[in-house]
1. Give the accessible area for T146 in Å² (nearest 10); use a 1.4 Å probe, count only protein heavy atoms, and leave out ligands, DNA and RNA.
2. Multiplying the sequence separation of M278 and W57 by 0.36 nm and subtracting their Cα-Cα distance, what value in nm do you get?
3. Taking GluC sites (Glu not before Pro) as candidate sites, keep only those in a DSSP loop with at most 12 other Cβ atoms within 10 Å, then name the longest stretch of the chain containing none of them.
4. Once every DSSP H run of n ≥ 4 in the chain is given -39500 (n - 2.57) and the sum is divided by its residues, what mean residue ellipticity at 222 nm do you get, rounded to the nearest 500 deg cm²/dmol?
5. Identify all aspartates and glutamates with a Cα-Cα distance to K256 below 14 Å; exclude those on the same chain that are fewer than 8 residues away in sequence.
6. If the cut-off is a Cα-Cα distance under 15 Å, which aspartates and glutamates reach K174, setting aside same-chain residues fewer than 8 apart in sequence?
7. Counting pairs of alpha carbon atoms under 8 Å apart in space and at least six apart in sequence, what relative contact order in percent does the chain give?
8. Using the Karplus equation 6.51 cos²θ - 1.76 cosθ + 1.60 (θ = phi - 60°), what ³J(HN,Hα) coupling, rounded to whole Hz, does each residue of segment 406-412 give in order, writing x for Gly and Pro?
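The values are calculated or read from the model by the stated rules, or taken from the named source; none is laboratory data. Since the model is a prediction, treat every value here as computed from it, not as a measurement. We place every Cβ from the backbone using ideal geometry, glycine too, and count neighbours over all the protein chains shown. Accessible surface areas use protein heavy atoms only, side chains included; no ligands, DNA or RNA. Shrake-Rupley method; radii C 1.70, N 1.55, O 1.52, S 1.80 Å.
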Amino acid sequence: MKSLGWLTGCALALACAHEGKSVVRSATAGAAIRPFNVKVPESALVDLRQRIAATRWPDRETVPDRSQGVQLEKLQALVRYWGTGYDWRKAEAKLDALPQFMTTIDGLDIHFIHVRSRHPNALPVIITHGWPGSVIEQLKIIGPLTDPTAHGGRAEDAFDVVIPSMPGYGFSGKPTGTGWDPDHIARAWAELMKRLGYTRYVAQGGDWGSPVSNAMARQAPPGLLGIHVNLPATVPPEVAAVLPVGGPAPAGLSEKERAVFDVLLTSAKMGNLAYVVMMGARPQTVGYGVTDSPAGLAAWLLGHPGFAQLSYGDDREKSPTRDDVLDNITLYWLTNTGTSAARLYWENAGRGATIAAAQKTAEISLPVAITVFPEEVYRAPETWARRAYRNLIYFHEVDKGGHFAAWEQPELFAAEIRAAFKSLRPADAKVAGR
């Protein structure tokens with residue numbers, strides 16, 4: 001049965017918004033969990049293709065690299081395929097092959113994927129995406145986590161997987177007022193796991209999922225055993241203080257710490273965080289362009305530095321593929337969430353995701369695990385990680401993968417999650433809760 005909660009975020013809402021019509025909301029209230037399926041009206045896909053065909057393009061950049069932004073030739077090739085060869089229905093089928101649900105928390109519809117493992121005593125994990133991602137970037141890790149024996153793991157490594165869409169993202173509802181910051185989302189996630197009947201569970205996050213997971217660990221709701229993050233908040237105060245003004249490097253840094261400091265400084269000087277500044281200060285202004293133009297939306301999302309090392313071409317052996325990336329961009333377009341997603345930066349009020357003091361890591365006593373991927377926009381040194389998190393139980397630097405690690409290296413990512421939480425699996429398997 002299709003839930004009316006879909007109307008809060010589906011393409012029908014987009015079509016109505018274009019026509020200035022209001023959208024009917026579900027009257028279902030309380031803690032009910034409703035089944036959910038995706039079904040985008042064909043009219044929304046026709047509208048998308050027409051807008052793509054009518055794109056007015058800017059001049060080509062005057063440099064041979066990405067220093068002025070996403071390059072015209074590459075974007076044009078992607079958008080051309082988007083309008084003529086891409087098939088959203090395949091993405092829709094992948095989503096609808098999974099158990100999806102909707103529930104209302106603090107007055108907001110929350111969409112989530114919930115896949116239970118066939119293995120008994122699986123450990124529940126709630127996994128949080130970020131921007132410019134969505135649940136799309138985590139689809140490839142569901143199999144390895146829920147069915148590890150089919151992916152080189154053991155039955156006792158299994159997880160039940162919960163992947164929610166962040167408020168204002170994807171099929172979740174869009175906040176109509178302020179206050180949905182990472183701390184609020186963390187409380188909502190704890191409520192979600194409680195509604196699902198889990199009495200013991202772990203949390204994982206990258207990008208925005210890291211501040212949310214950090215907040216969950218600080219709040220320490222009943223049942224949360226620990227967290228794993230792949231964008232940890234480890235930048236120490238003396239480094240955070242000088243980065244905005246361009247240095248100099250604090251005294252006493254080790255060779256490795258100095259190398260990380262130099263990378264952070266160079267990244268800031270190159271404007272790699274310009275999108276953070278814009279959405280943190282004026283998300284509504286950004287929203288007009290990403291809401292009206294599919295090409296503008298694609299360029300804005302692909303401007304994230306995490307995409308700089310990715311080819312997202314038609315080679316299906318290189319993840320994410322062209323279709324993967326367009327699945328994600330199309331989800332933003334069809335749900336008209338470019339603006340509502342951007343507001344999370346404004347809600348965060350400049351609290352840097354990688355800054356230890358901003359994320360109050362000193363207040364975290366629960367176990368923390370970290371994986372560092374080599375092409376991540378920030379590669380935390382272990383010395384800073386141990387300083388930031390007093391109960392760091394796992395730290396590992398792997399040899400491949402970047403900012404979208406679950407998308408890029410799903411098997412490796414799943415193996416890291418298994419290793420990170422191995423020591424937190426209950427001795428009495430029954431306490432995990434089902």
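1. The accessible area comes out at roughly 10 Å².
2. 77.4 nm
3. Here the longest segment lacking exposed loop sites spans 20-316.
4. It comes out at -11500 deg cm²/dmol, rounded to the nearest 500.
5. Result set, ordered by chain and number: E382, E397.
6. Cross-link targets: D106, D109, E347.
7. 19
8. Here the 3J(HN,Hα) series is 5, 7, 6, 9, x, 5, 5 Hz.
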